[in-house]
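The values are calculated or read from the model by the stated rules, or taken from the named source; none is laboratory data. Just so you know, these numbers come straight off a predicted model, no measurement behind them. Here Cβ is always computed from backbone atoms with ideal geometry, including for glycine, and neighbour counts include all displayed protein chains. Just so you know, the surface numbers come from the protein's heavy atoms only, side chains and all, with ligands and any DNA or RNA stripped out. Shrake-Rupley method; radii C 1.70, N 1.55, O 1.52, S 1.80 Å.
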Amino acid sequence: VSGRHQAAHEEVVPRQRMSEKARLVRAALMRGGTSKGVVFRAADLPPAGAARDAVIVAALGPDSTGLAIDGVGGGVTSTLKAAVVAPPSKPGFAADYHFAQVSRGGGIDWRSNCANFASAAALVAADDGMALREADGSAVVRLWASGAGEAMSVTLPATDAPPVAIAGVRGEAPPLRVEFELGGHALLPTGRPEEEGLRLGDRPLRATIVDVAGNPQVLVRAVEGGLRGDEADITCEQKYSGGILLCLGGLRGDEAAEEATAALVWEAVDAAAAPHSQSPSL
């Protein structure tokens, strides 16, 4: 993860009637790598639950149009992210990183992870004095990604570090390095290289479920959707016309595809412990 980070401290006000008294919430609007969203401090939010979720959704303002007019988010999942930075719940960590992926429909997934946005959360933690300073001028922020149960280390560069560029972000800046401490992490969460029991309508669908650092994804062959796999600017609607949800596997942006991805992946992961259970359908 590299490139410039951009932060602007905003006062985010949840949606409510004008006659009601607004409560201002401190937040940072930031880009981390190729992701953008809002970083909160746990002390500024209600406890985990519906009230906290409501503040986050109100701040980002997702809607069915994809424009997010009533919020600071965007129309794709890479611009509908949030993080809550909290004091560490485990020894040896600088902070807890609670990552929230918001859908265009206003739902929140707290079970995944995002390395790009972890760099933004680490910068906020560093601003709050949670970074370990190194002799070369760099700093390390060790994060516990609570949703995925992952340990991460984010290295913030020294001010004289050589600049780099990343695709999709203009300009150059010193890089931030994000590392995962995988430990006993399972790349194939179901233990199978291919899920032959999946079905698309009345025909079988071959797919592979992988867990990339806390981000379960479903990989399918382009040919099963009537595509080559190298087409440019294909929308999710066009992928549907090919007969398959090729938004799976991280090509997000469509609310229905996101929800289908989450349901398919987590059902399959949960079912792995029950060999005789029915495989999920798409």
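If we keep just the residues of the stretch 120-143 that are in a helix (DSSP H, G or I) and among the aliphatic types (A, V, I, L, M), which is surrounded by the fewest Cβ atoms within 10 Å (Cβ to Cβ)? Give the derivation first.
First, pick out the residues of the stretch 120-143 that are in a helix (DSSP H, G or I): 120-127.
Now drop any that are not among the aliphatic types (A, V, I, L, M), which leaves 120-126.
On the way: Ala120: 31, Ala121: 31, Ala122: 33, Leu123: 23, Val124: 24, Ala125: 30, Ala126: 19.
Taking the candidates together, the pick is Ala126.
Quick check on this structure: which one of Val76, Val25 is at pLDDT below 85, within 24 Å of Ser146 (Cα to Cα) and either among the hydrophobic types (A, V, I, L, M, F, W, C) or buried (at least 19 other Cβ atoms within 10 Å of the Cβ) (or both)?
Result: Val76 is the single residue among Val76, Val25 that is at pLDDT below 85, within 24 Å of Ser146 (Cα to Cα) and either among the hydrophobic types (A, V, I, L, M, F, W, C) or buried (at least 19 other Cβ atoms within 10 Å of the Cβ) (or both).
Only residues that are out of contact with any strand residue (DSSP E or B) (no Cβ under 8 Å at 6 or more places or on another chain) and over 24 Å from Leu60 (Cβ atoms): list them for the stretch 104-148, please. Show your work before the answer.
Here is the first cut: in the stretch 104-148, the residues out of contact with any strand residue (DSSP E or B) (no Cβ under 8 Å at 6 or more places or on another chain) are 104-107, 111, 127, 129, 135-137.
Matches in the stretch 104-148: Gly129, Ala135, Asp136, Gly137.
May I ask you to verify whether Arg41 is in contact with a strand residue (DSSP E or B) (Cβ under 6 Å, 6 or more places away or on another chain), farther than 18 Å from Asp128 by Cβ and basic (Lys, Arg)?
So Arg41 does not fit the description; no.
Given the conditions (1) farther than 25 Å from Ala151 by Cβ; (2) buried (at least 20 other Cβ atoms within 10 Å of the Cβ); (3) of a type outside the set (Val, Ile, Thr), and given that Ala54 satisfies all but one, which numbered condition is not satisfied?
(2)
For His5, state whether it is more than 20 Å from Gly107 (Cα to Cα) and either surrounded by 15 or more Cβ atoms within 10 Å (Cβ to Cβ) or modelled with pLDDT of 90 or more (or both).
Judged against the criteria, His5 is a match.
Failed condition for Gly107, given (1) modelled with pLDDT of 95 or more; (2) open to solvent by 30 Å² or more (accessible area, probe 1.4 Å); (3) of a type outside the set (A, V, I, L, M, F, W, C), with all others met?
(1)
Given (1) modelled with pLDDT under 95; (2) under 15 Å from Gly106 (Cβ atoms); (3) buried (at least 20 other Cβ atoms within 10 Å of the Cβ); (4) not acidic (Asp, Glu), identify the lone condition not met by Gly37.
Here Gly37 meets the rest and fails (1).
Take Ser146 and decide whether it is of a type in the set (Ser, Thr, Tyr), surrounded by fewer than 21 Cβ atoms within 10 Å (Cβ to Cβ) and within 23 Å of Ala186 (Cα to Cα).
Yes; evaluated as a whole, the condition is true for this residue.
State the number of residues belonging to the stretch 79-102 that are open to solvent by less than 10 Å² (accessible area, probe 1.4 Å), in contact with a Leu (Cβ under 7 Å, 6 or more places away or on another chain), aliphatic (A, V, I, L, M) and modelled with pLDDT of 95 or more.
Of the residues in that region, 3 qualify.
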